[in-house]
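Worksheet for the structure shown next.
The values are calculated or read from the model by the stated rules, or taken from the named source; none is laboratory data. What you are looking at is a predicted structure, and each value in this text was computed from that prediction instead of being measured. For neighbour counting, all protein chains shown are included, and Cβ atoms are generated from backbone atoms with ideal geometry for every residue, glycine included.
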Amino acid sequence: MALRMSLVTSLTLLSAHAHAAGVSGTAFGFASGTTGGSDATPATPSDISQLSEWLTDSTPRVILIDKEFNYLGSAGQNAIDLDSSDWCGDYPSTSCDYDKEALNGIAVGSNKSIVGVGSAGVIRGKGLRLANGVKNVIIQNVHITELNPQYIWGGDAITLDGTDQIWIDHVKVSLVGRQMFVSGYEASGKVTISNSEFDGRTSWSASCDDHHYWTVLGYGKDDQVTFAGNYIHHTSGRSPKLEFNSYWHAYNNYWHNNTGHAFDVVKETKALIEGNVFSEVNTPSETDSSPGETFAVTSSDKSTCDSILGRACAVNSLESSGELSASDESVLSSWPSGESDITVLDASKVRASVLANAGVGKLGGSSGASNAVTASAPT
Ligand SMILES: *[C@@H]1O[C@H](CO)[C@@H](O)[C@H](O)[C@H]1NC(C)=O
Ligand SMILES: *[C@@H]1O[C@H](CO)[C@@H](O)[C@H](O)[C@H]1NC(C)=O
């Protein structure tokens, strides 16, 4: 009896420890119900080959990223022959060195939680690719950086191409060659991107002004995306660009210092934009030649939004920015069910909340977790 008691006690302690080291909070929005590696015992890979093995295998896992995993140079460098691209017409060709690893993201399997520890979790030189039917993945508190930032096709940080139930939370992306996030062309299903930082500061800018152009691209066919509490700064375009039969709900995000456009909503996409702050954003929403449908909440159409959605919608706030005006009610009347546990804050609270909570190293800190855009407070 005494033996059994102590066994039960130590098992309880073990699982309490496992929980504390795993994912913080729970998925909300369209991706609510996403559990990732669920209650698998959290474990720390020793090096990049073990990290790649654990990410790609078919075992449910909670993978702790407790240091920098550096893929740079691990497969040598190749020369890109720009001649094979028709981008530059008759301009002279050149060759250049780039890191081969960054071109293809790690093929993440289903039922994984990838969780940074404190502010130590960095994946350098390689992105994550979730494709071909992968389901139920959580990526939290990890900084993905340095994917050939000097070359436009250098690498994407997070790619979804045929997925469902994906929660990306408290992630930071910086210095990538191409997209910080991209979905498509297969359906991405239910996705939440929350409390994440898209840092566009770069010395290799396609817009030649130290701002990154290729930020967030939603090209999945049939995606339902909750995009909330994110910090998108020093970009110059595609923040985000959305097309192909999808719903995007962008609320309580903070856009700062964008020298080009934030939204470009193209045909077949429905975008609901509310309770965000746009500060120094040149063009909050691009006028596309084949536009999708957008409802961006203003004080004059808030009551329409409230009555169709049956809850209080939040007015966007714009300062030192261009205009944002779009009130296509079909967005509201066709809004899909299944976006659970969301709380939309008034825009007046958003800047402070986002600066305190978005990005890495901010899980469960004293920085106002109650204001963070999460369904439940981090444990
Ligand atoms: C993921 O977990 C679910 C639920 O346990 C299971 O049905 C499914 O087969 C798992 N997927 C893979 C690829 O192991
Ligand atoms: C905004 O971006 C411009 C252009 O890169 C830069 O000169 C300026 O200092 C930035 N402002 C802030 C507040 O970051």
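If a residue counts only when it is within 20 Å of Glu197 (Cα to Cα) and not aromatic (Phe, Trp, Tyr), which strands (runs of 3 or more DSSP E) contained entirely in segment 217-286 have at least 3 such residues?
Fully inside segment 217-286 and qualifying: 223-228, 254-265, 277-285.
Does Ser289 count as assigned to a loop (DSSP other than H, G, I, E, B) and more than 16 Å from ligand 1 (Cβ to nearest atom)?
So Ser289 fits the description; yes.
Does Arg178 qualify as being under 24 Å from Gly105 (Cβ atoms), surrounded by 22 or more Cβ atoms within 10 Å (Cβ to Cβ) and not hydrophobic (A, V, I, L, M, F, W, C)?
Considered against the rule, which asks whether it is under 24 Å from Gly105 (Cβ atoms), surrounded by 22 or more Cβ atoms within 10 Å (Cβ to Cβ) and not hydrophobic (A, V, I, L, M, F, W, C), Arg178 comes out as yes.
Identify all residues within segment 265-292 that are among the hydroxyl-bearing types (Ser, Thr, Tyr), over 20 Å from the mean Cα position of the chain (by Cα) and closer than 11 Å to Leu324 by Cα; write none if there are none.
Once the filter is applied, which keeps residues that are among the hydroxyl-bearing types (Ser, Thr, Tyr), over 20 Å from the mean Cα position of the chain (by Cα) and closer than 11 Å to Leu324 by Cα, segment 265-292 yields Thr283, Thr287.
Among the listed residues Ser353, Ser330, Ser337, Ser348, which satisfies the condition of being on the phi < 0 side of the Ramachandran plot and either at pLDDT below 95 or part of a strand (DSSP E or B) (or both)?
Just one listed residue meets the conditions, Ser337.
Per-residue answers, yes or no, for (1) more than 30 Å from Gly116 (Cβ to Cβ); (2) buried (at least 24 other Cβ atoms within 10 Å of the Cβ); (3) touching a Gly at 6+ places or on another chain (Cβ under 9 Å):
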residue	(1), (2), (3)
Val191	no, yes, yes
Ala228	no, yes, yes
Ile232	no, yes, yes
His249	no, no, yes
Thr294	yes, no, no
Asp301	yes, no, no
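Identify the single condition in (1) in contact with a Pro (Cβ under 7 Å, 6 or more places away or on another chain); (2) buried (at least 23 other Cβ atoms within 10 Å of the Cβ) that Trp255 does not satisfy, given that it satisfies every other one.
(1)
Between a residue in segment 22-40 that is more than 20 Å from Ser58 (Cβ to Cβ) and any residue that is of a type in the set (Asp, Glu) and away from ligand 2 (no atom under 16 Å from the Cβ), which pairs come within a Cβ distance under 6 Å, given they are 6 or more apart or on different chains?
Listed by first residue and then by second, the contacts come to Phe28/Asp341; Gly29/Glu339; Phe30/Glu339; Ser32/Asp341.
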